[in-house]
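What follows is calculated from the coordinates using simple rules that are stated; it is not laboratory data. These figures come from a predicted structure and were not determined experimentally. Every residue, glycine as well, gets a Cβ built from its backbone with ideal geometry; the counts of neighbours run over all protein chains shown.
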Amino acid sequence: MEIKQSALSNKSPFDCANLAEWEKRSQIFGTDPKGVLFKGLPDIFNEHIHNWQLKGILAEIAINTEEIRILDIGCGYGRISVPVLQTLPRAKITGIDISQNYVDLFRQNTGQDAFVSFVEDIGSDLGLFDYIICVTVLMYIEDGNLENTFKNILNNLKKKGKLLLIEPSSSGTPFQTCFGLLSLIKINNKSAATGMGGNSFKYTSLRNIIINSGARILKEYRLPVTTLFFLFIYVFTRTLPAPGRFLLQMISKMDEFLKFTKLPSIYVFYVIEK
Ligand SMILES: C[S@@+](CC[C@H](N)C(=O)[O-])C[C@H]1O[C@@H](n2cnc3c(N)ncnc32)[C@H](O)[C@@H]1O
């Protein structure tokens, strides 16, 4: 399954510009969460987003005495897998990522296997997994490859397994960019480090891909309060980090309370079964 970097760059039919950008970004940021979250946000705001993603993922993974197999797609340096392993030390996690540097960091940080691969190219060589984690990766796949990529991901999931998918939602974009104004002060992902993009999904477009592939959405969570107050939180945590922590605790509680509503959200978290 391991594909050499040179083979990816020279022969892959997939998006090599995306690969080059991620390799560069991984070199710039290493294990700094800014590399895989928002470059321009204060650390405590990124930590808040990280905690929300991680809490949702851990809530779905049943604590089991059996060894469980987890695939982390677009694993980065292990931001999600490292704390998952702290909670579930018997889990066997396999990471895949297009960036050789992130794959190396993932191996070092987790002590688990990781391979350089495009998710578009994922086959069945890795076997079946109890859980597949895919956090903000499909957003970098070209539209024409999305449906097939999604089906290939599902082919790696065991029958009662769960795909834990988090992707950006276009419903949150106006709040994240303050209706376009914030691109001027570069706090959103599109202006991060290397100028790379990535899609925010319309609710129906990602949902249709999931449903058309024959999968079932068991749950959907959102992050509405963080989204609606995005600019306020940004300014507050930037200027007053200590009380900012208290504010973020309050926001987390309100987000938890409203997570199943259909309010705008920068991300949607899907729990998916085949
Ligand atoms: C926004 S980061 C998220 C990283 C990690 N999932 C996390 O949440 O910490 C996106 C990751 O996906 C990887 N990636 C981007 N396009 C990919 C592709 N086509 N196939 C596999 N990985 C990809 C990048 O190298 C990067 O590590």
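With runs of 4+ DSSP H residues as the only contributors, calculate the mean residue ellipticity of the chain at 222 nm using -39,500 (n - 2.57) per run, divided by the residue total and rounded to the nearest 500. It would help to have the intermediate numbers written out before the result.
Details: 11 runs with 117 residues, N = 274.
Helix-only estimate at 222 nm: -13000 deg cm²/dmol.
With everything on Cα atoms, drop me the angle between helix 203-212 and the longest principal axis of the chain, reported from 0 to 90° to the nearest 10.
That helix lies at roughly 20 degrees to the long axis.
Tell me the label-point distance for the pair Gln249, Lys219, using the 7 Å Cα-to-Cβ offset, in nm and rounded to one decimal.
About 2.4 nm separates the two model spin labels.
Using only Cα atoms, locate the centre of region 158-176 and the centre of region 86-140, then give the distance between them in Å, rounded to an integer.
So the separation of the two Cα centres works out to 18 Å.
For the chain, take the longest principal axis of its alpha carbons; what is the angle in degrees between that and the long axis of helix 241-258, to the nearest 10 within 0 to 90?
Rounded to the nearest ten degrees, it is 70.
Any of Lys55/Lys259; Lys24/Lys274; Lys151/Lys253 with alpha carbons more than 24 Å apart? Name them for me. All intermediate terms of the calculation are to be shown ahead of the outcome.
Numbers: Lys55/Lys259 13 Å; Lys24/Lys274 35 Å; Lys151/Lys253 35 Å.
In this structure, Lys24/Lys274; Lys151/Lys253 lie more than 24 Å apart at Cα.
Work through the residues other than Gln112 whose Cβ is under 10 Å from its Cβ and net out their charges, Lys, Arg +1 and Asp, Glu -1. Write out the running numbers ahead of the final one.
Details: positive: Lys92, Arg107; negative: Asp72, Asp113.
In short, 0.
Mean separation of Cα pairs under 8 Å and 6+ residues apart, divided by the residue count of the chain: what relative contact order is that in percent?
Values: 488 pairs, mean separation 56.6, N = 274.
Averaging sequence separation for qualifying contacts and normalising by length gives 21 percent for the chain.
Select from region 116-185 those chymotrypsin sites (Phe, Trp or Tyr not before Pro) which occupy a DSSP coil region and have at most 16 other Cβ atoms within 10 Å, ordered by residue number. All intermediate terms of the calculation are to be shown ahead of the outcome.
Values: sites: Phe118, Phe129, Tyr131, Tyr140, Phe150, Phe175, Phe179; in loops: Phe118, Phe179.
When the chymotrypsin sites (Phe, Trp or Tyr not before Pro) of region 116-185 are filtered for loop state and at most 16 Cβ neighbours within 10 Å, Phe179 remain.
So how tilted is helix 16-29 from the main axis of the chain? Cα-based, degrees 0 to 90, rounded to 10.
It works out to around 60 degrees.
Would you please classify the overall shape of region 7-113 from the alpha carbon gyration tensor, given that a ≥ b ≥ c denote the square roots of the eigenvalues, rounded means a/c under 1.5, and beyond that prolate means a/b larger than b/c while oblate covers the rest? Before the final figure, lay out the partial values.
Details: a/c = 2.25, a/b = 1.30, b/c = 1.73.
It comes out oblate by the Cα gyration axes.
Going through region 111-158, which GluC sites (Glu not before Pro) have at most 12 other Cβ atoms within 10 Å and a DSSP loop state?
Details: sites: Glu120, Glu142, Glu147; in loops: Glu142.
Hits after loop and neighbour filter: Glu142.
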